[in-house]
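To keep things clear, I will list the structure first and then write my remarks on it.
Bear in mind these aren't lab numbers, they're just calculated from the coordinates by the rules spelled out. Please read these numbers as outputs of a predicted model, since none were measured by experiment. In this analysis, Cβ positions are derived from the backbone assuming ideal geometry, glycine residues included, and neighbour counts consider all displayed protein chains.
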Number of protein chains: 2
Amino acid sequence: MKTVLILSGGMDSATLLWFLLARGDDVRCLSINYGQRHSKELGFAAHLCAITKVEHRIADLSVLRPFLAGSSQTDDSVAVPHGHYAAENMKLTVVPNRNALMLAVATAWAISSKSAAVAYGAHAGDHAIYPDCRPEFTDAMEKVMLLCDFTPIKLDRPFIHIDKGQICKLGTKLGVPFELTWSCYKGKEVPCGKCGACQERQEAFAFAGVPDPLLAPDSLND
Amino acid sequence: MKTVLILSGGMDSATLLWFLLARGDDVRCLSINYGQRHSKELGFAAHLCAITKVEHRIADLSVLRPFLAGSSQTDDSVAVPHGHYAAENMKLTVVPNRNALMLAVATAWAISSKSAAVAYGAHAGDHAIYPDCRPEFTDAMEKVMLLCDFTPIKLDRPFIHIDKGQICKLGTKLGVPFELTWSCYKGKEVPCGKCGACQERQEAFAFAGVPDPLLAPDSLND
């Protein structure tokens, strides 16, 4: 299947890239700069595409920052909260309507490149805090994508019912180079180890029973 | 109701602006530069907001042009077709996934500005060629907007079952300054009078029984 994959540079979408290639899909990747604090992830996305020899485009929508106020990831006046994904303060990390926006750009590219589907790495572990990763959102979004143009576009979300630990296990089997993926919401030189994204990543590797090649305990900072 | 209106600078969204203000809504307007050939319309949108004293923001997403290939409006290799909206060649004017993209940005702004709704001027005359103006699309899109964040956002599309002629009649009653609205797909100095947008505009004014203050017959060019 000819597919546009939304590749953030994190471990979920990286695993999805390896999964789609293993399945035999014809993949091109889209990364979006929406002015995120952790825009460092975009370089990781580019590297992943270089080693898989997959076409990669970065859409620079950082001009949208003023429309995305109130999130720790796109508003400098909001600090990145520490803690677990399930915590109430983690809602501060939600970027307004981020996934619908990224899916809209990906769908436009899917239509103009005559692709059949858009894929993204929404998973069950995200459901607690990210409304735009929940099954009811993805179902509604696919309906839009099937109706928005003359060519219906499928929304592929193979991880929607598995969690990040299971993704880590799958990625390990598929040979995903996790040292080339970035999760930390702070986007500094090394992962902070304290934000929700770092904590969730640590739990995923613990579940999978493998060490995180990126996140060595003595390399943490704040 | 606190509303984000997608204002193109054309007569439909201009009428919708006057309609919402007449209804007592608290309106802010969003215009989007998606690299359209007729980006001239953005200046008209700004003027309409200036005279109604409504906040106006233009999101410059013209970097998305490479993702919107194949449309006469965003791809210089495709000429603007002449003829009527109902004609098959008018499909060339469809910009891939344009409305979902604009609605996604507007929804992000609605969330971050604590607005209750996004409004846009999709109408029954558009249904023949623009999939993203049809009722089934707007119904699906509203479902996404109700689910995409913690705050459900309503999709207001009051013109979805009336056509451009009826909009012209309504706008005339509301005192919309149609000489300050732009329709022509070519975006040159004066309207071409031959593209689908010009023809549809002419028919609308004929139906309403009023002259188009912008489009005088002796001012046409190609």
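Taking a label point 7 Å out from Cα toward Cβ, give me the nm distances from B:Arg65 to the same spot in the other copies, shortest first, one decimal.
Spacings between copies for this position, smallest first, are 2.4 nm.
If you take the Cα Rg of the stretch B:2-212 and divide it by 2.2 N^0.38 Å, with N the number of residues, what do you get?
Against the compact-globule rule of thumb, the ratio is 0.95.
Using +1 at the C-beta of Lys and Arg and -1 at the C-beta of Asp and Glu, which of B:Ala69, B:Val80, B:Met90 has the Cα lying farthest in the positive direction of the dipole of chain B?
My answer, from the dipole projection, is B:Ala69.
How big is the charge dipole of the protein assembly as shown about its Cα centre, in debye rounded to the nearest 20, if each Lys and Arg gets +1 on its Cβ and each Asp and Glu gets -1 on its Cβ?
Approximately 40 debye in magnitude.
Copy-to-copy spacing for A:Leu174, label 7 Å out on the Cα-to-C-beta vector, in nm, shortest first?
4.9
Given charges of +1 on the Cβ of Lys and Arg and -1 on the Cβ of Asp and Glu, with all other atoms neutral, how large is the dipole of chain B about its Cα centre, in debye to the nearest 20?
Working: 22 positive and 24 negative charges, 79 e Å.
Using Cβ point charges on Lys, Arg, Asp and Glu, chain B gives about 380 debye.
For the stretch A:183-198 and the stretch B:82-108, what is the separation of their C-alpha centers, rounded to whole Å?
40
Largest first and in whole Å, give the semi-axes of the protein assembly as shown's equivalent ellipsoid, each being the square root of 5 times a Cα gyration tensor eigenvalue. Write down the numbers at each step before the final one.
Numbers: eigenvalues 363, 102, 60 Å².
They are 43, 23, 17 Å, listed from largest to smallest.
Based on DSSP H runs of at least 4 residues, each adding -39500 (n - 2.57), what is the mean residue ellipticity at 222 nm of chain A after dividing by all its residues, to the nearest 500 deg cm²/dmol? Mind showing how you got there, number by number?
Details: 6 runs with 77 residues, N = 222.
Counting only the DSSP helices, I get -11000 deg cm²/dmol.
Taking the stretch A:161-205, how much of its Cα-Cα pair set, in percent, is spaced more than 12 angstrom apart? Let's see the in-between values first.
Working: 614 of 990 pairs.
Beyond 12 Å sits 62 percent of the P(r) for the stretch A:161-205.
Considering only chain B, pick the residue with its Cβ nearest the axis of the rotation onto chain A, and state the distance in whole Å.
Its Cβ sits closest to the axis: B:Ala104, 2.
Looking at the stretch A:168-203, which GluC sites (Glu not before Pro) are DSSP coil and have at most 12 other C-beta atoms within 10 Å of their C-beta?
A:Glu189
Using a Förster distance of 25 Å, how high is the FRET efficiency between A:Ala79 and B:Ala116, based on the Cβ-Cβ distance and rounded to 0.05?
0.30
Neighbouring Cβ atoms within 10 Å as the yardstick, rank A:Ile6, B:Ile51 fewest first. Before the final figure, lay out each step's value.
Values: A:Ile6 21, B:Ile51 9.
Ranked by crowding around the Cβ, least crowded first: B:Ile51, A:Ile6.
Measuring nothing but label to label, 7 Å from Cα along Cα→Cβ, what are B:Pro135's distances to the other copies in nm, shortest first?
3.1
Can you give the mean number of other chain Cβ atoms that lie within 10 Å of the Cβ atoms in peptide B:63-71?
Averaged over the peptide's residues, the number is 5.
I need the calculated FRET efficiency for the pair B:Val190 and A:Lys154, taking r as the beta carbon distance and R₀ as 45 Å, to the nearest 0.05. Provide the component values of the computation, followed by the final result.
Values: r = 44 Å, r/R0 = 0.97.
The pair B:Val190/A:Lys154 has a calculated efficiency of 0.55.
Given the pairs B:Lys164/B:Lys186; A:Lys40/B:Lys2; B:Lys114/B:Lys173; A:Lys2/A:Lys188; A:Lys164/A:Lys186; A:Lys114/B:Lys194, which span a C-alpha to C-alpha distance of over 24 angstrom in this model?
In this structure, A:Lys40/B:Lys2; B:Lys114/B:Lys173; A:Lys2/A:Lys188; A:Lys114/B:Lys194 lie more than 24 Å apart at Cα.
Can you sort B:Ile129, B:Ile162 by how many other beta carbons sit within 10 Å, fewest first?
B:Ile162, B:Ile129
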